[in-house]
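Derivation of every value follows stated rules applied to the coordinates shown; laboratory data play no part. Note that the structure is a prediction, hence the values are computed from the model and not measured. Cβ atoms come from the backbone with ideal geometry, glycine included; neighbour counts cover every protein chain shown.
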């Protein structure tokens, strides 16, 4: 039965919490100029899930106010989600995307702002509703994340929609890391909120 367990190298520790993911990213943020490729290299072969969680967390953070930042994060989430769907153990990103950059201090400040939230999520994550992580239901998780990420570049000008979609991906990523299906159900709240907000703004 296929599942969404993170795939790791035997010599590299698994990242099993949102706090651990942020801490590794904050280590990279110590440099003055951070490229997406630096972050991808830092996560090595810890699997697609931790690296998908990172841009989702960034979109939820104050960093989402940077022009086109949400679009870059959305494209990254989309590509990683597709690789997760096909079972690729490590992440491939195109060179033009890996060259995208952000000032290290700005990245460090933005990610540090959401660390308390990350700690709260980690403390309340437990193994529940494990059926969601086995085929055929598990296919829905990267598909939802791919849809959310792919929609971000088109919805960036609509207030709050990217943050709602980022929260969806963040919670699903946490669910996959911790095997807590409850967070998948909670993730549907911001997901459908984004759809409802988009529909309301477009129609009215």
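Taking each DSSP H run with n ≥ 4 as -39500 (n - 2.57) and averaging over every residue of the chain yields -20000 deg cm²/dmol at 222 nm.
Projecting the alpha carbon convex hull of region 11-104 along each direction and taking the average yields 5.9 nm².
When peptides 105-115, 175-185, 129-139 are sorted by average Cβ neighbour count within 10 Å, with the highest value leading, the order is 175-185, 105-115, 129-139.
Largest first and in whole Å, the equivalent-ellipsoid semi-axes of the chain read 22, 22, 16, each the square root of five times a Cα gyration tensor eigenvalue. Taking every alpha-carbon pair under 8 Å whose residues sit at least 6 apart, the chain reaches a relative contact order of 29 percent. Ratio of Rg to Rh for region 67-162: 1.00 [Cα atoms; Kirkwood radius as inverse mean 1/r over pairs].
For each of 186, 91, count neighbouring Cβ atoms within 10 Å of the residue's Cβ, then give the residues from fewest to most.
Lowest count first: 186, 91.
Based on the mean of other Cβ atoms within 10 Å per residue, sort peptides 190-198, 163-171, 64-72, 77-85 so the most packed one is first.
163-171, 77-85, 190-198, 64-72
Listing 154, 43 from fewest to most neighbouring C-beta atoms within 10 Å gives 154, 43.
Report the gain in length on full extension from residue 95 to residue 202: 0.36 nm times residue separation, minus Cα-Cα distance, nm rounded to one decimal. It would help to have the intermediate numbers written out before the result.
Numbers: separation 107, 0.36 × 107 = 38.52 nm, distance 3.46 nm.
35.1 nm is the gain from fully extending residue 95 to residue 202.
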